[in-house]
Amino acid sequence: MEENFFEKVYAIAKQIPEGRVTSYGAIAKALGTARSARMVGWAMNASHNLDDVPAHRVVNRNGLLTGKHHFDGTNLMQQLLENEGVKVVENQILDFDKLFWEPNLEQF
């Protein structure tokens, strides 16, 4: 029996190294469903009761914290990233290109 989509998304998110970020689209692409970035976002939103899914490390393709309003507390997503050394200014990750983590496509 195949895992459901959200579980596959979480399996990738759990591999994002501390202090790095990826995008909804990169996760969708790694799963072979490149057009399902929005569904990846839904999965991240549904993961907030799961302690082992670092949803704060998943941002939009431009490095914007578009999911921040789904976190408890106004700036929790930013605070979690900053605790890992990621600099955020006006909801934008600085050095996004350097911090971007590409999911290993062969693994999924």
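Could you compute the net charge surrounding G67? Neighbours are other residues with a C-beta less than 12 Å from the C-beta of G67; K and R count +1, D and E count -1. Once all neighbours under 12 Å are counted, the net charge is +3.
What does the extension gain come out to for H69 and E18, with contour length at 0.36 nm per residue minus their alpha carbon separation?
On the way: separation 51, 0.36 × 51 = 18.36 nm, distance 2.13 nm.
Going from the current span to full extension adds 16.2 nm.
By average Cβ neighbour count within 10 Å, what is the ranking of 55-65, 73-83 from highest down?
Values: 55-65: 20.3, 73-83: 15.5.
Ranking the peptides 55-65, 73-83 by packing returns 55-65, 73-83.
Once every DSSP H run of n ≥ 4 in the chain is given -39500 (n - 2.57) and the sum is divided by its residues, what mean residue ellipticity at 222 nm do you get, rounded to the nearest 500 deg cm²/dmol? Can you show the working numbers first?
Numbers: 5 runs with 38 residues, N = 108.
About -9000 deg cm²/dmol.
The length gained by stretching the chain between T33 and N83 to full extension, at 0.36 nm per residue less their Cα-Cα distance, is 14.9 nm. The stretch between L76 and N91 holds 4.3 nm of extra length on full extension. This uses 0.36 nm per residue minus the Cα-Cα distance. Roughly what percent of Cα-Cα pairs across the chain reach past 24 Å? That fraction is 15 percent.
Computed from the coordinates by the stated procedures, all read-outs in this text should not be read as laboratory data. This is a predicted model, so every value here is computed, not measured. Here Cβ is always computed from backbone atoms with ideal geometry, including for glycine, and neighbour counts include all displayed protein chains.
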